[in-house]
Amino acid sequence: QRGQHRRMEDASSVALGWLAAARTEPLCLLADGRGLAGLQLDGLVREVWPGVFRAADLAAGAAERMDAVARLLPQSAVLARRSAVWVLTGRLRPERLDVVLTGPRRRSSADLDVHSELLALEDVVELGPGQCTSPARTVVDIARCLDEDEARAFLAAIDGLGVPRPEIHAALRRASGTQGVVRARKRLAGYGTDARWGDVSVHAMVRSQPVD
């Protein structure tokens with residue numbers, strides 16, 4: 001217990017020392033959340049992913065969110081589905097990471113839901129230390145893999161990126177033959193920049209979503 005208390009003190013000391021200095025590099029700490037609880041309450045650091053913290057006054061973009069989870073990813077893994085939405089937009093942070101592996105399938109773990117699929121080069125983007133499905137491919141995967149209510153929420157979140165319809169249609173063609181692609185085509189009919197899903201504007205749903 002004394003050793004745990006020391007680790008918590010060390011994490012806070014590192015953060016405070018870094019915050020007091022002139023910053024040229026972002027803070028990224030892997031630490032017991034309890035060790036930084038006071039700094040969180042003071043608004044000095046914020047949690048990007050469980051156990052990973054950044055200074056609150058430094059924006060965390062897509063590359064920074066990828067950096068926060070890169071240590072959890074198998075080699076050559078591509079973040080996809082719900083996780084891709086969160087990395088690309090900062091919204092709807094999932095509890096587990098969806099990853100696609102093009103090689104032999106690994107078992108899912110406490111942090112990962114592993115899927116085995118083939119992805120075209122056009123459907124993958126490099127973000128910092130890792131890879132993520134492109135916005136268009138992410139839209140397609142959300143529409144084909146999630147139930148309707150969950151798909152609505154995640155498509156509303158990613159719609160803020162303004163993914164063009166032609167890119168979505170191209171991603172649908174490349175996904176031809178994968179499970180759920182027929183459902184995705186139906187759900188995404190007319191989806192894209194300024195699109196509507198039923199009678200509810202996707203842009204209106206984006207504004208109503210909380211930012212995680």
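The values are calculated or read from the model by the stated rules, or taken from the named source; none is laboratory data. Only a predicted model underlies this, so the values are computations on that prediction, with no experimental measurement involved. Cβ: placed from backbone, ideal geometry, glycine included. Neighbour counts: every protein chain shown. These accessible areas exclude ligands, DNA and RNA; they are computed on the full protein's heavy atoms, side chains included. Shrake-Rupley method; radii C 1.70, N 1.55, O 1.52, S 1.80 Å.
Approximating the spin labels as points 7 Å out from Cα along Cα→Cβ, the Arg165-to-Ala189 distance works out to 1.3 nm. Probing with 1.4 Å while keeping every protein chain in the model, the per residue accessible area of region 79-195 equals 46 Å². Shown are Asp67, Asp141, whose ranking by accessible area with a 1.4 Å probe and every protein chain present, most to least, is Asp67, Asp141. Counting protein heavy atoms only, region 58-163 has 47 percent of its accessible area on carbon and sulfur, 1.4 angstrom probe.
Over region 66-154, all Cα pairs binned in 10 Å intervals from 0 give whole-percent P(r) values of 18, 57, 25, 1, listed from short to long. Close amide-amide hydrogen proximity is noted between Val48 and Phe53, Arg54, each under 5 Å apart and 5 or more residues distant or on a separate chain (H modeled in the peptide plane; Pro and chain starts excluded).
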